[in-house]
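*Asks:* Have a look at the structure that comes next, please.
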Amino acid sequence: MFSDYPFPEVLAINRQDIAWHDENAAGSLLSKLTDNIFNIEQGMGTKLGEFVQHMSGFLGGIVIAYYVNYKLALVATAMLPLVVAGFGSFGVLGKAFMKREMEAYSKASAIAGE
């Protein structure tokens, strides 16, 4: 029945043990699949283009800064590790909160599905 199904995610869910299905409610699975598909769609859509645009603007700005005033650009570049660490920690926190949000939506969807 499912061998001709075009989505490998559904086949992977069907191959799980019975205990796995007992731990994961149907509404929870649907919520997780929907959230993950939305995140993948965003990543492949506008976010990839925005990343390329922002990185080229950043690198172009560094080149122009070194051309115009290399001493000031050296000072600004010395602060770059602190800025990267700050944005990195912000990204880690955002990912942790997103995971908690997905778990809460998953539980709510499982309860609503029952």
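What follows draws every value from the coordinates through simple rules; no lab data is involved. The structure presented is a predicted model; accordingly, all values stated were derived computationally and were not measured. Glycine gets a Cβ as well: all are built from the backbone with ideal geometry, and neighbour counts include every protein chain shown.
*Asks:* Kindly provide the GluC sites (Glu not before Pro) of the range 36-112 that DSSP labels as loop, not H, G, I, E or B, and whose Cβ sees at most 12 other Cβ atoms within 10 Å.
*Replies:* Here no GluC sites (Glu not before Pro) fit, given the DSSP loop and packing criteria.
*Asks:* Now, a different point. Mind checking which lysines have their Cα closer than 28 Å to the Cα of K32? Skip sequence neighbours fewer than 8 apart in that chain.
*Replies:* Within the straight-line cut-off, K32 pairs with K47, K95, K99, K107.
*Asks:* Given the Cα-Cα distance of R15 and L93 and 0.36 nm per residue of separation, how much length would full extension add, in nm?
*Replies:* Using 0.36 nm per residue and subtracting the Cα-Cα distance, I get 24.7 nm.
*Asks:* Calculate, in nm to one decimal, what T77 and N24 gain on full extension: separation in residues at 0.36 nm each, minus their alpha carbon distance.
*Replies:* So the chain would gain 14.2 nm between T77 and N24.
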